[in-house]
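In what follows, a structure is listed as structure tokens, so that the remarks can point back to it.
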Amino acid sequence: MRWNIPAVLFGGSCFLCRGATRELLCGACDADLPRLERPLCPRCALESPRGELCGRCLSGSPAYDATQAALAYEFPADALVQALKFRGELALAPLLAALLAERARAERVDYIVPVPLSAERLRRRGFNQAVEIARHLRGGTLELALCERTREAPPQMELPYEARQRNVRGAFRCSRRLDGATLAVVDDVMTTGATLDEIARTLKAAGAGRVANWVVARTMPHA
Ligand SMILES: [Zn+2]
Ligand SMILES: [Zn+2]
């Protein structure tokens, strides 16, 4: 275990099972995390028999080039992500970043860009979970002002992919030219990928050469 977080923050008990541990998670809970170790599509990180490009990526190429996803978005990964996002348990950010780094450690990029929140959402929540995770990642220069959200899309939860795509169209802006740069876009959860697709489109329109998604958790169909 390598999370350098004082156990005193959590009273010396595991965040998930409350068992005694000097880390954030006890060894058993850490070992039980739903790490994505099966073959995945290199572009969208959905299951793909031999780790080849999946049918959806072949037919309608998303703007991003690759996706690194650490965990399946199912219990207890969802509990950790939600505790960070909705309960402000910021001490979970380095843990989630370390899990993501396990998966993405081979990659080097010019810039690491967290998925931005709108100014209004940021004011209400007080922090951006993607920023908190990205702060603990290595492998590129963290850029907090490179990509801005011009408006918050209505909640995406219930919408099918095409509607989500329309929902986020034009919702991001890039603050400068990126001629040929490689980027990693960081988020806590990737669901349909519509938001990440739109961000990658925006970055590519600014000249980005390669855009990879680095996400802590991936919603898997039938999960
Ligand atoms: Zn535990
Ligand atoms: Zn795919």
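The values are calculated or read from the model by the stated rules, or taken from the named source; none is laboratory data. Quantities reported herein were computed from a predicted structural model and do not represent experimental measurements. So basically every Cβ, Gly included, is an ideal-geometry build from the backbone, and we count neighbours across all protein chains shown. Side chains are part of the model used for accessible areas, which takes the heavy atoms of the whole protein and leaves out ligands, DNA and RNA. Shrake-Rupley method; radii C 1.70, N 1.55, O 1.52, S 1.80 Å.
So, with a 1.4 angstrom probe, what is the percent of accessible area on the chain that is carbon and sulfur? Of all accessible area on the chain, carbon and sulfur atoms account for 51 percent. The order of the peptides 141-147, 87-93 by mean Cβ neighbours within 10 Å, most packed first, is 87-93, 141-147. Along the stretch 39-44 the Karplus relation, 6.51 cos²θ - 1.76 cosθ + 1.60 evaluated at θ = phi - 60°, assigns HN-Hα couplings of x, 10, 5, x, 8, 10 Hz to successive residues, with x for each Gly and Pro. Annotation: for a label point projected 7 angstrom from Cα along Cα→Cβ of LEU159, no residues of the stretch 54-79 have a backbone N closer than 15 Å.
Could you identify which residue out of GLY170, GLY209, GLY55 has the top mean-square fluctuation in a GNM of the chain using Cα springs shorter than 10 Å? Looking only at GLY170, GLY209, GLY55, the largest GNM fluctuation is found for GLY55.
Each principal axis of the Cα cloud of the stretch 75-133 was taken in turn, and the coordinate range along them, longest first, works out to 36, 29, 17 Å. Full extension of the chain between LEU122 and ARG87 gives 11.2 nm of extra length, using 0.36 nm per residue less the Cα-Cα distance.
Cα-based values for the chain, radius of gyration first and Dmax second, are 17.1, 51 Å.
By how many nm would the segment from ARG169 to ALA106 grow when fully extended, if each residue of separation counts as 0.36 nm and the alpha-carbon distance is taken off? Let's see the in-between values first.
On the way: separation 63, 0.36 × 63 = 22.68 nm, distance 3.14 nm.
Here the segment from ARG169 to ALA106 would lengthen by 19.5 nm.
Note on LEU58 and LEU144: the extension gain reaches 27.8 nm, defined as 0.36 nm multiplied by sequence separation minus the Cα-Cα distance. Would you work out if the stretch 115-167 is rounded, prolate or oblate? Take a ≥ b ≥ c from the square roots of the eigenvalues of the alpha-carbon gyration tensor; rounded if a/c is under 1.5, else prolate when a/b is larger than b/c, oblate otherwise. It comes out prolate by the Cα gyration axes. Computed from Cα atoms alone, the Kirkwood hydrodynamic radius reported for the stretch 50-109 is 13.7 Å.
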